Amino acid sequence: NIGIIKATDASSTTKVWWDKISGYSYWAFNGNVCSGDFEAAQKYGPRYTRGDIIDIHLDLRKDYNTIAWDKNGQPNQKINVTPNTKYRLAISTDSEIALILFEIIY
């Protein structure tokens, strides 16, 4: 899983990061996006695995507030995120991560 979590929730240990209302996670094993409720995860994009390159685009400008994940340069749809919020990058993986590129537009 790779995504973001609200900065104020990043140190909480009551739930895993992707299962919080303030988190947005793109899942490797099925391509779904989860935001707060695993059971309500939505189909988003293709699955990804070792060797794939995932780019995260977080746009926090006033009239945008979106996140999107690209797989190997292929864009996926943008998802609205909570405005006026500070986020942190969040990753959980059982495979290698070679390099993380994280673009924030504000």
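Bear in mind that the values in this text are calculations on the coordinates, not laboratory data. Everything numeric in this text was worked out from a predicted model, so none of it was measured.
Structure values in brief
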quantity	calculated
In Hz, Karplus ³J(HN,Hα) per residue of segment 45-56 (6.51, -1.76, 1.60; θ = phi - 60°; x = Gly, Pro)	x, x, 5, 9, 8, 3, x, 6, 10, 10, 9, 10
Under 5 Å, built H, 5+ apart or other chain: amide partners of G31	Y48
